[in-house]
1. Mind telling me which of the residues C:222, C:215 ends up being within 13 Å of chain B (Cβ to nearest Cβ), surrounded by fewer than 17 Cβ atoms within 10 Å (Cβ to Cβ) and among the aromatic types (Phe, Trp, Tyr)?
2. Looking only at helices (runs of 4 or more DSSP H) that lie completely in the stretch C:56-174, which have at least 2 residues being among the hydrophobic types (A, V, I, L, M, F, W, C) and either out of contact with any helix residue (DSSP H, G or I) (no Cβ under 8 Å at 6 or more places or on another chain) or within 10 Å of another protein chain (Cβ to nearest Cβ) (or both)?
3. Taking strands (runs of 3 or more DSSP E) that fall entirely within the stretch B:29-92, which contain at least 1 residues that are free of Cβ contacts under 8 Å to residues at least 40 places away in the same chain and over 30 Å from residue B:438 (Cα atoms)?
4. I'd like to verify a number: residues in the stretch B:69-107 that are charged (D, E, K, R), surrounded by fewer than 21 Cβ atoms within 10 Å (Cβ to Cβ) and at pLDDT 90 or above, how many?
5. Please find, among B:129, B:82, the residue that is closer than 16 Å to residue B:145 by Cα and assigned by TED's automatic domain parsing to the domain that holds residue B:184.
6. I'd like to check something: does the stretch A:58-81 contain any residue that is hydroxyl-bearing (Ser, Thr, Tyr), at pLDDT 90 or above, within 22 Å of residue A:118 (Cα to Cα) and in contact with a helix residue (DSSP H, G or I) (Cβ under 9 Å, 6 or more places away or on another chain)?
7. State all residues of the stretch C:183-216 that are among the polar types (S, T, N, Q) and assigned to a strand (DSSP E or B); if no residue qualifies, say none.
8. Is it true that residue B:354 is part of a loop (DSSP other than H, G, I, E, B) and out of contact with any Pro (no Cβ under 6 Å at 6 or more places or on another chain)?
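The values are calculated or read from the model by the stated rules, or taken from the named source; none is laboratory data. Worth saying up front: this structure is predicted, and the values here are computed from it rather than measured. Because the Cβ atoms are built from the backbone with ideal geometry, glycine has one as well, and the counts that use them run over all protein chains shown.
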Amino acid sequence: MTFELLLQMFPIALMFSAPIILTALGGLFSERSGVVNIALEGIMMIGAFTGATVTVLLENSTPAAAWYGLLAGLLAGVVFSVLHAVASINLKADQVISGTALNILAGGLTVYLCQIIFHQQRTRAFSNGIQKFSVPGLSDIPVLGRMFFKEIYPTFYIAIAMVLITWFVVYKTPLGLRMRACGEHPQAAASMGIHVAKMRYFGVLVSGALGGLGGAVMVLTADIQYTLVSIHGTGFISLASLVFGKWNPFGVLGAGLFFGFSTALSFYAKDIKFLAGLPAEFFYILPYLLTIIALLFFAGKSVGPKAAGEIYDSGKR
Amino acid sequence: MSYIVEMLHITKDFPGIRANDDITLQIEEKSIHALLGENGAGKSTLMSILFGLYQPDGGSIRVRGKEVKISDPNVATSLGIGMVHQHFKLVHNFTVTENIILGMEPHKGPVIDIRSAENKVEEISKLYGLAVDPRAKIEDISVSMQQRVEILKMLFRDAEILIFDEPTAVLTPQEIHELMQIMRRLVEEGKTILLITHKLKEIKEVADVCTVLRRGKLVGTVPVADTDEERMAEMMVGRQVSFHVEKGPAKPGEELLRIENLNVKNVKGLLGVRNLSLSVRAGEVLGLCGIDGNGQTELVQAITGLTKIESGKIFLRNINIANLSIKERTDLGLGHIPEDRQKHGLVLDFTLGENFIIHNYYEKPFANWGILNKKAILENAERLIREFDVRSGQGAMTPARAMSGGNQQKAIVAREIDRSPDVFIVVQPTRGLDVGAIEYIHKRIIAERDRGKAILLVSLELDEIMDVSDRIAVIYNGEIVGIVDAAATTENELGLMMSGALRKMHTAPQAVHA
Amino acid sequence: MTTRREKIVLPLIAVLLGFVLGSLIVALTGRSPLAMYAAIVKGFSGIDILNGQPLNSRYIGEFIIQAMPIILTGLSFAFASRTGLFSIGAEGQLMIGSLSATTVALLVRAPTVIHLPLVLLAAILGGALWGAIPGFLKARYNVHEVVVTIMMNYIALHFNNFVILNIFGSVDRVKTAPFPATALLKSPFLESITRNSRLNWGFIPVILALLIFAFIINKTTFGYSLRAVGYNKEAARYAGMKVNRNIIASMAIAGAFAGLAGAVITVGTFNFGRVIQSAEGYGFDGIAVALVGGNEAFGILLAGMLFGGLKAAQPLMQSQGIPREIAGIIQASIVLFVAMKFGIKMVLDKFERKQAPTTEGDRV
């Protein structure tokens, strides 16, 4: 009985994992280039809002509305992250304060626009988000088929693809080498002729794209509309996944799956005997508690990019 | 006379200071040209301009006769100019090869071709005699290998004009020798070398020409063979300089600090100090010398209480302080002038007055019932400023950050001496200071010695150790490998001990108990 | 520009820029910035410049109660900040303070002179505990306090709801039974002189908190050691200070301020415990207040009143057709601009003349 439950839980857990993995990969690019991005939460909100809005508005014109929504969310994330880039890189703001302000700004801006467009503090519900599908052939494999290939959201595969692409770019290409140098020792990179500010812009904008995509994925697969609480801390959980995953794409994949499962657990708890007695709030708290525990075990041991969070001043030596 | 590089009438300003004031420098091809000056004289700035890290506010640069504008390091590299920095610019968790190819990576399509990169690195390293392991990570290799990587970075880019910025600060005497040989070999292979330094001995050993800067201005350019060290020092400082502190013979008394069989772990979890024993008596200066990273830091931290020890005893007079807190040790008479004045010695965002009371801010008269007594704090600060001639813009209210390095150090020295500890641990007290400040601090150390204090002087500057100490202990790989009289030893002997090639234990003086 | 002037001018510029940006957004989305400013003025004072209504003390009372909790959460952030810590946990500490106050209000029977102080004390201790936890994790395990405090905020929210719904019980799943009058900061007297606003005695603890904040930081040895640890942990350690203890103490005190804010809301503005749907933003408001106020007591008082007025004006804006979220947008922009102070300073310095070169003996 419990095994059956596990099989049922898998696709749901993968659904919850996808946005976390995508956003955490975005954070990876940003931090590896040297910019701490606390604003992932806000970027996800912007992506979610844009994704939901575009989907609702295009619903009646095209069956692929939700996919346009994903694209729109990605682009909106890029635009929003420009603010963080300008503040942190050009204007030398404290990256944590700037990120925190952007999170609040995102919340205010998205609900403000909901009021303007939909005359309520949320978007109108859309009828069709991203649809589940089954991979032909593979979905018939016993056990594995039901876990990974049957009635699954394609967004999970997008996330996996991004993990592989990230690994390749960061570790195998000259661009990745230079970006990592900017995050570890920007003065060294500069002395080799690398334009540190440009690299960091790249890192932040990619985090905007992936975070925006992650937010859009979240609302278009797990929800029917965008509200102020749609993201409820998932951006920070993604940040924790980054630490948990030691700033490595495959580590991030593992951490994202872990958090996805813990979120899915709250839906299946009543069916699991020894968990059924616990109050609903326990499961709401669980992901956040696990995040703290994860940081506890991994904060001391794992070391992020050495120069992440430090203001790079090309005038100093 | 064909000059390969000419820097003509260069001027460079930073906020509040003119770092280079109308400097003209002409470098001959295939020579070793030294740039001499104190800290802050402007030599690093000038070379940074040549390497494209800064832009001059006035003047021009010519390379191989043609006027050029070096707007960034890429342009400098394309002109064949390369720089080995004083503080290495190496990414600690990249490999040797990755650091060398950064920015110029050989590639097959979108992927870095690491194989061909490693081959080229091996080729160049063999050609110039610079032994490195292409696959090793920077954080795992020795300092002198790291320096070779810095040199290879330039040679990989076909640099012909190599700038060395204070290259010997981190090397043993033997390694310095090796570096000099490498420089001569590079010149034989057709390179031109610019050597930034304040070490006169090295200039005499290897340079052909020397240009002297002082406070941003050009003092003169002299042929090294015809100029002696005294003359160069005078040009550098502007007056006659005495290199040796005046001191009478030491009159050592009772043993005040004894360390027995000390074992301390370092940050990597290995033993940084092994079974170490040492003794310092009242009225003497024991100098501790060794290459950076051989256990000095761990030893000092163990004595002062910043690190827990594995085993052993540390006696201050007759009390074992090995497990006491920092506060308890300072209260018992242990004083400490830390290695990094900005990181450990001062709170830069506090005022001078607040920094003076950092050990005893909670005691009378500075505080009563937990409330600070601003008047008493001010009076104390003014007294110390007077006695120790600490200079600052706004007196006791100056933020420590705004003070010059020399005065910051004077403030720390003032604070620590004023507490009159019996045992003084003094680490790198004159790092980054000009000759005047160095003279002053050495004088005060000797003065404290003559008042009967026991002083452990830890320094990476051999000259300082040899000049100020009465006895010298050499630390290598966490152990004391030699204890000698300062007057009886030579730099060569110390160098051999520092690199582990020689052991020489002077018979320990009889401990004299009260 | 001297540091003195910097502390005043830069926040003012940030405030100005924030309002300019807000006006721009309002105008670009087809609403009237004038209506927004009119709503703000009315929110502070009751004066309606569009309809010609005079000063109305009800609005003044309401704006003061909006300012009170965010002054306290501002003190919370500022205290942690002065000691080198970045605490975003005021939101959760406030909720735990509020929960503690609710507990003592409902479970204890005593005359006002005992009950009320106990309620406040419970809130302070609850907040302090909630702050000490991330402080401990930071001091002992070097876990960065930013993500931990944010997680603790969410945990506090759900924990609060769990206790309210399951332990104290709620008829409408929104609030508990009303508190006995002995537990309240409410004052019929104050209400009567402000035309039935919700003004209450809470302003007394707030003023005391401001004084205590300034006193601790500037005049005590405790404050000295906290500042030393905050400015330079290593140097403080070298001087023999107990760094870990200071970090925990600092976070606990910051939590105490926020916990008190919870009490001021629960037994001052309201008189019952509440189920909280989502974070109400007092924590972030506190950050804005602290940053604009330069982390100093007097600045926090002024900034708290500014942002309090902005909050009070929100329903007025909404009724003018301007989405109330514009207040949050303005506030977030102001914080962003304050964060960019180095950049703004750079721009300002370009307009000022360069200083004359000074002589320089040696440089570090």
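1. Answer to the selection: C:215.
2. Working: elements: C:57-82, C:90-107, C:112-141, C:145-163.
The qualifying helices (runs of 4 or more DSSP H) are C:112-141, C:145-163.
3. So the answer is B:66-68.
4. Number of matching residues: 2.
5. Just a single option satisfies the conditions, and that option is B:129.
6. Yes; the residues of the stretch A:58-81 include at least one that is hydroxyl-bearing (Ser, Thr, Tyr), at pLDDT 90 or above, within 22 Å of residue A:118 (Cα to Cα) and in contact with a helix residue (DSSP H, G or I) (Cβ under 9 Å, 6 or more places away or on another chain).
7. Across the stretch C:183-216, the qualifying residue is only C:200.
8. No.
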